[in-house]
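A quick write-up on the structure given underneath.
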Amino acid sequence: MPPTDAEIAALETRLQGLLDPYRDGLEPVEVYGQPFLRRPGATKHEWFAGVNRGKGVARFSLLPMYHHPELLDGVSDALLKRKTGASVFTFSSIDHGQLGELEALVGRAFVKYSAVAGGHTGGTR
């Protein structure tokens, strides 16, 4: 049975919570109608991460894994199966283990993103 709108909304809230520790140092930006967070002064395409909802799913976008594929080293097959694009994970549900693993990945990604402050971290390679 597909998830309800309420279940997807709750999932979206959980995924948004992964970004809470980073919000103070980032600013919201919209790219092609999708919400993301980026460092102040970064160009539109130099975003860090964002969460949005699709039909029956919530998507977690994390641009640093596009530019730093080594961030995915050691990530479980279960989480990698949720990777649906170069910088996107798609979830209809998430278990505690995957949420913790994604949280750790976001932390590692933020270190990479912060290390290139003022440098190019977004857009196309």
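Throughout, read-outs are computed from the coordinates displayed, never taken from laboratory work. Just so it is clear, the structure is predicted and the values come from calculations on it, not from any experiment. Because the Cβ atoms are built from the backbone with ideal geometry, glycine has one as well, and the counts that use them run over all protein chains shown.
Close amide H pairs (under 5 Å, H built 1.01 Å from N) link Arg53 with Arg59, residues at least 5 positions away or on another chain. For the peptides 72-78, 84-90, the ranking by mean Cβ contacts within 10 Å, running from highest to lowest, is 84-90, 72-78. Note on Val116/Leu80: beta-carbon distance plugged into 1/(1 + (r/R0)^6) with R0 of 22 Å gives a FRET efficiency of 0.35.
Net charge in the neighbourhood of Ala115 (other residues with Cβ under 12 Å of its Cβ; Lys, Arg +1, Asp, Glu -1) is +3. Under a Gaussian network description of the chain, with springs only between Cα atoms under 10 Å, the residue in Lys83, Lys44, Lys55 that fluctuates furthest is Lys55.
For Trp47, the residues whose amide H sits under 5 Å from its own are Gly123, ignoring neighbours fewer than 5 places away on the same chain, with H placed 1.01 Å from N. Counting only residues at least eight positions apart within a chain, or on another chain, the lysines with an alpha carbon under 27 Å from that of Lys112 are Lys44, Lys81, Lys83. Short-range pairs are left out: with C-alpha atoms under 8 Å and at least six residues apart, the relative contact order of region 5-115 is 24 percent.
Annotation: for a label point projected 7 angstrom from Cα along Cα→Cβ of Tyr32, residues of region 76-119 with backbone N closer than 15 Å are 84-89.
Between Met1 and Thr90, the modelled labels are 2.3 nm apart [label points 7 Å from Cα along Cα→Cβ]. Only beta bridges with both residues in the chain are counted; by DSSP, about 100 percent of them are antiparallel.
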